[in-house]
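What follows is a single structure, written as structure tokens, with notes after it.
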């Protein structure tokens, strides 16, 4: 649910085109755009061709990296989806994000745009790019060689192709058909009324005392009731599941269809298009749709003092 995507590729591999094609500009942090905010274009004389290029400045690279780090950490601290536009062709450039992935409990995906690119193709594309997007050919060659030397990514990261980006942004429902019962424990259920936790059943908890007692069990999921709980305590804002051939969503407040659609159905399993929605947005008290696209159980609509058995 908390995901960060690193675009991987040498200059000319199609990173900017990929962002534009998938309408990801509002979520992307671009090093080149930050450089242009810090300094104007500068000129570079290419001796081999006797051409004067106007290029993106590199003398602000250190400050650029500091700003990228600040923006990435800030977004991750809020539970937002992050897309970083950069080369990321060496393991070190990917491992750089590992402390924040661990701290904010994210999944990191590396979108590899180099798989169908050759060095001659990259060099040709570099010569036909917008004037200020041009980079030195030796830089393209060095990054291509770095990629060739390190084709794999660290084992803790997910390597995906551009075609799998949309799938990575989807939330797939959990199949609970093999459980006998699904039980929800609202926030005001008394301790003496807690259910006996058994491996044959599955439990959703809005109850802090129940979570404290059973929250480490694999068949117990804790759901957030407030923005701070989902952002700072890393509780889930909602959970989608299939039980007895029906599709359900459980959350503190009703979740509108616009936050879930389009719903994709493959071999009886539903996946929801929630990957670009901020986790805190699922805790906003927005009037529900007249007709929901999925069966919902919401804490705000049930008796908070009684156990809820989901059929």
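Results, tabulated for the structure shown:
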| item | result |
| --- | --- |
| Peptides ranked, highest mean first, by Cβ atoms within 10 Å: ranges 84-90, 197-203 | 84-90, 197-203 |
| Bridge type composition, the stretch 171-310 - antiparallel percent by DSSP, nearest 5 | 50 |
| Cβ-based exposure ranking for 15, 73, in which fewest neighbours within 10 Å come first | 73, 15 |
| Protection-proxy order for peptides 39-49, 139-149, 223-233, each taking the mean of Cβ atoms within 10 Å per residue, highest first | 223-233, 139-149, 39-49 |
| For the stretch 171-310, the spread of Cα positions along each principal axis, largest first, Å | 41, 33, 26 |
| Spin-label model distance (nm) - residue 174 vs residue 48, 7 Å beyond Cα toward Cβ | 5.6 |
| Least to most buried among 2, 306, 103 (fewest other Cβ within 10 Å first) | 103, 306, 2 |
| Antiparallel DSSP beta bridges within the chain, as percent of all bridges there, nearest 5 | 40 |
| Fully extended contour minus Cα-Cα distance, from residue 285 to residue 119, at 0.36 nm per residue | 54.5 nm |
| The stretch 3-168: proportion of alpha-carbon pairs further apart than 28 angstrom, % | 20 |
| Over 16 Å [Cα-Cα, the stretch 100-196], rounded percent | 75 |
| Distribution of pairwise C-alpha distances over the stretch 126-179, 10 Å bins, in % | 16, 24, 31, 16, 7, 5, 0 |
| Percent antiparallel among DSSP beta bridges (both partners in the stretch 3-168, rounded to 5) | 25 |
| Estimated 222 nm signal from helices in the chain, with DSSP H stretches of n ≥ 4 weighted -39500 (n - 2.57), rounded to 500 | -7000 deg cm²/dmol |
| Average silhouette area of the stretch 248-311, convex hull of alpha-carbon atoms, in square nanometres | 5.3 |
| Rounded to 10°, Cα long-axis angle of helix 61-77 versus longest principal axis of the chain | 10 |
| D (Stokes-Einstein, µm²/s), Kirkwood Cα radius, the chain, 1.306 mPa s at 10 °C | 72 |
| Candidates 196, 256, 58, ranked by Gaussian network fluctuation over the chain, Cα under 10 Å, top entry | 196 |
| Simple spin-label estimate for residue 41 and residue 212 in nanometres, 7 Å along Cα-Cβ | 6.2 |
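Quick note: the coordinates plus some simple rules give every number you see, no bench work behind them. Source: prediction; values computed, not measured. FYI the Cβ positions are ideal-geometry reconstructions off the backbone, even for glycines, and counts take in every protein chain you see.
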